[in-house]
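Reviewing the structure listed below.
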Amino acid sequence: MEQTLTPILTLHETEDDRKQDFHPTTFEEYLGQKELKEKLALYTTAARMRNEPLDHLLLFGPPGLGKTTLSQIMAHVMNVDIKICSGPMLERTGDLVAILSSLEPRAILFIDEIHRMPIAVEEVLYSAMEHFRVDVIIGQGAGAQSINLPIHPFTLIGATTKSGMLSAPLRSRFGITERLDFYTEDELQAIIKQSAQFLHTPLTDESALLIARCSRGTPRIAKKIMRRVRDFAQVHNNNSAPHELVVKALRFLGIDDEGLSAVDHKILQILITNFDGGPAGLETLASLIGEDSATIEEVYEPFLMRKGYLERTARGRQIPYKVLPYLKSIYYGQKTVF
């Protein structure tokens, strides 16, 4: 199956991308998200048997969990084209109309970060999703005319990391809504071993599990760490990656055994040493750490909260009471966190 791309598409898989890492093309090759995978496999198989487009699908969840990959697999299973674009890049209604009018029958249009589309562009989707028609304005001023053009039946797959920011009219037009959850360590271990085999850098189960623990529940991070471990092994050990080398590579990358980065440690250390565990305001933390508040809130805090090392309160960020003595024993008197 050949993917169709347009000049404005921003997320697509090239041959160079495939050389960097393994990209599954079937549900069997896709590891993790077992329940979701079973649902999507059933939906796509049924749609293909009826020779109909799949119902419109909304995938939401944190970044890096495989929303784009799943969409590409669905297109492969249904043997249809897929066009991939990003919501913020659809600045004008004409951009979306051009894509919709060029879709082949039963094709998939994948829009990443769909909640960031301009309202005017979003409204074009309403009639396209429900009636497979789009309104086109021809001319300007008093002589402008609205023409209703038919388009081929298609499937819209919208992906978002912030489902709450999606407008109610758009959300209601999706027939299927599914969430992607963070991966377990066992699932990430299998993904890392799959990636390591593709990169010709075999790992032991112990090493793969160590990398899995450092991957924040996210396959994208797991694969990124694996590529850096491959670089480290290639330079220092003739592309062989025994467990001791993997440990050294993670230290080189500034990641400890729990997956905490230097910034994670800095957040905890400042809360402990400057505020005796907190609470402290987000903007105050951002100023002391040297990161912007949005990055701390979206990148670092979710993982620290899942680890049980941080909590958000009405008064600010603070260390949970039950882990406070443990973290104090680590950070008091230390000049470095590694």
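Readers should treat all values here as calculations from the given coordinates under stated rules, not as data from a laboratory. If you're wondering where the values come from, they're calculated on a predicted model, not measured in any experiment. Using ideal geometry, Cβ is built from the backbone for each residue, glycine included, and neighbour counts are taken over all protein chains shown.
At-a-glance table
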quantity: Centre separation in Å (Cα based) which lies between segment 270-300 and segment 164-211; calculated: 28 Å
quantity: FRET E, pair Tyr321, Thr177, Förster distance 56 Å, beta-carbon r, rounded to 0.05; calculated: 0.90
quantity: Full-stretch length increase - Asn239, Met305 - with 0.36 nm per residue and alpha-carbon distance subtracted; calculated: 20.2 nm
quantity: Distance (nanometres) between label positions extended 7 Å along Cα→Cβ at Asp231 and Ala262; calculated: 1.4 nm
quantity: Calculated log₁₀ intensity ratio I(q)/I(0) where the Debye formula runs over C-alpha points of segment 88-247, q = 0.12, 0.13, 0.21 Å⁻¹; calculated: -0.70, -0.75, -1.18
quantity: Within segment 60-133, trypsin sites (Lys or Arg not before Pro) in DSSP loop having at most 15 other beta-carbon neighbours inside 10 Å; calculated: Arg92
quantity: Relative pair counts by distance (%), Cα atoms of the chain, 10 Å bins; calculated: 5, 21, 26, 23, 16, 7, 2, 0
quantity: For segment 262-331, convex hull of alpha carbons as volume per residue, Å³; calculated: 78 Å³
quantity: Stokes-Einstein D for segment 188-252, Kirkwood Rh over Cα pairs, 37 °C, 0.692 mPa s (µm²/s); calculated: 296 µm²/s
quantity: P(r) of segment 47-182 over all Cα-Cα pairs, binned every 10 Å from zero, in whole percent; calculated: 12, 44, 33, 9, 2, 0
quantity: Greater than 31 Å apart at Cα, pairs in Lys162/Lys223; Lys162/Lys266; Lys34/Lys224; Lys39/Lys162; Lys39/Lys193; Lys83/Lys307; calculated: Lys83/Lys307
quantity: Alpha-carbon Rg/Rh ratio, for segment 47-106, with Rh computed the Kirkwood way; calculated: 0.98
quantity: Protection-proxy order for peptides 52-65, 307-320, 192-205, each taking the mean of Cβ atoms within 10 Å per residue, highest first; calculated: 52-65, 192-205, 307-320
